[in-house]
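The values are calculated or read from the model by the stated rules, or taken from the named source; none is laboratory data. Fair warning: this is a prediction, and the values are worked out from it, not measured in the lab. Don't worry about glycine lacking a Cβ; one is built from the backbone with ideal geometry, like all the others, and counts go over all protein chains shown.
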Amino acid sequence: MKKTASDLRVLQWVSAAAFLLACSYIPAQGYMPLLIITALFNFFFPMLMPALDATAGSLTQHSQLRYAKARSFGSIGFICMVLIISMLSGAFGDQLFLGGMIVILAIFTALTWTKAPDSVRLAPAATAERPSFKKLFQVRHFPLILLLAILLQGAHAAYYNYGYLYLQELGVSKYYIGMIINVSVLFEIMLFTYADRLFKKWTPGMMFALAAAGSTARWCIIYFFPNVELFIVSQLFHSLSFALAHYAFMRFITANVPTNYLPSAQGLYATFAQSFATALMTFFATYLYTMSMQAAFLGMIVFTIPAFFIAFYIGRKQLSSTEKHA
């Protein structure tokens, strides 16, 4: 879509389609209508995150947007909505979820029609080079950076699928599980808030190496110390395993990938690192889960340890390249 339309136009179309499809659930009756609506909704709605991130990358390049600080507001929004929806659904029941989705998408769609910077309003020029995946993979280190993102984001499979169940096994009340899960997002917000300052002189490779080390430590803590207190401590490492890995990828593509290639880069990241890798690694985590719930978490280091060595190698290369240019 972004080959012919502006960043803003894509957000307007996609959010409007998701909003209309969410509304269509209200009159829908029967299995097939619900199946078709759900398939279409899950085609459009997941586009919003990579479309927003690609737009943010463009704003970072042309309008001096501080991506990490802007992204922290997304994490704050996540915590606020979890608390609000949890309280309202407890009071009014699960039927609230559809209404909440419709209201949020209506607000989002309306916001896409407000004032926006010129850099996101301009459609690609007819003479501009059309992006291709082949040329994108020719960007120095991009294939390895994408591989690192796949390994580290996919390594959250055990946590996303079994974190809630694991806390139940430890005897934690359902009322407190949501709070414990949200601890990770609090640390995520802290990292995004100060990332520009803390990692100003770090290369993306070295940031990925730290993220891999933090991810490895996180899963080892859960395996070797099966208690609530240490699980809460392990949540601190979400700021590295997820947030720093995400920030490192965004820092790399905004610095090294041409603007017209950003949507393709972001699309690959959303498809393979944030979706497919997690789905694939869930099979591995589930196999280990049948042996031991803790083993499902420890098994994730099969992906994080190789990621550390790959990232360290890239980081050294990027560092030496920076020193040469200096």
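Exactly one residue out of 212, 245, 195 is touching a residue at least 40 places away in the same chain (Cβ under 8 Å), farther than 20 Å from residue 151 by Cα and crowded, with 21+ Cβ neighbours inside 10 Å: that is 195.
The conditions of being at pLDDT below 90 and touching a helix residue (DSSP H, G or I) at 6+ places or on another chain (Cβ under 6 Å) are met by residue 263.
For the range 235-247, check the following and say yes or no: at least one residue is under 20 Å from residue 75 (Cβ atoms), outside any helix (DSSP H, G or I), within 21 Å of the chain's Cα centre (by Cα) and not polar (S, T, N, Q). Checked against the condition, which is being under 20 Å from residue 75 (Cβ atoms), outside any helix (DSSP H, G or I), within 21 Å of the chain's Cα centre (by Cα) and not polar (S, T, N, Q), the range 235-247 yields at least one hit.
Of the residues contained in the range 193-204, one or more are found to be farther than 23 Å from residue 54 by Cβ and of a type in the set (A, V, I, L, M).
Put simply, of 65, 83, 122 the only residue that is closer than 30 Å to residue 261 by Cβ and either without any contact (Cβ under 8 Å) to a residue 40 or more places away in the chain or under 23 Å from the mean Cα position of the chain (by Cα) (or both) is 65. Residues that are surrounded by fewer than 24 Cβ atoms within 10 Å (Cβ to Cβ) and either assigned to a loop (DSSP other than H, G, I, E, B) or among the β-branched types (Val, Ile, Thr) (or both) within the range 198-209 comprise 199, 200, 201, 202, listed in sequence order. Scanning the range 285-322 for residues that are over 13 Å from residue 151 (Cα atoms) and among the hydrophobic types (A, V, I, L, M, F, W, C) turns up 285, 288, 291, 293, 295, 296, 297, 298, 312, 314, 319. Within the range 261-272, not a single residue is more than 30 Å from residue 42 (Cβ to Cβ) and of a type in the set (Val, Ile, Thr). Looking at 140, 130, just one residue is closer than 24 Å to residue 266 by Cα, assigned to a loop (DSSP other than H, G, I, E, B) and modelled with pLDDT of 85 or more, and that residue is 140. Checked across the range 108-115, the condition of being out of contact with any Pro (no Cβ under 9 Å at 6 or more places or on another chain), of a type in the set (Lys, Arg) and in a helix (DSSP H, G or I) holds for no residue. Looking only at the range 2-29, filter to residues that are over 21 Å from the mean Cα position of the chain (by Cα) and free of Cβ contacts under 8 Å to residues at least 60 places away in the same chain; which one of those is farthest from residue 124 (Cα to Cα)? Of everything passing the filter in the range 2-29, 29 is farthest from residue 124 (Cα to Cα).
A quick yes/no check of all residues on (1) surrounded by 15 or more Cβ atoms within 10 Å (Cβ to Cβ); (2) among the β-branched types (Val, Ile, Thr); (3) within 26 Å of residue 16 (Cβ to Cβ); (4) in contact with a Ser or Thr (Cβ under 9 Å, 6 or more places away or on another chain):
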residue: 59; (1), (2), (3), (4): yes, no, yes, yes
residue: 78; (1), (2), (3), (4): no, no, yes, no
residue: 82; (1), (2), (3), (4): yes, yes, yes, no
residue: 90; (1), (2), (3), (4): no, no, no, no
residue: 95; (1), (2), (3), (4): no, no, yes, yes
residue: 101; (1), (2), (3), (4): yes, no, yes, no
residue: 105; (1), (2), (3), (4): yes, no, yes, yes
residue: 112; (1), (2), (3), (4): yes, yes, yes, yes
residue: 121; (1), (2), (3), (4): no, no, yes, yes
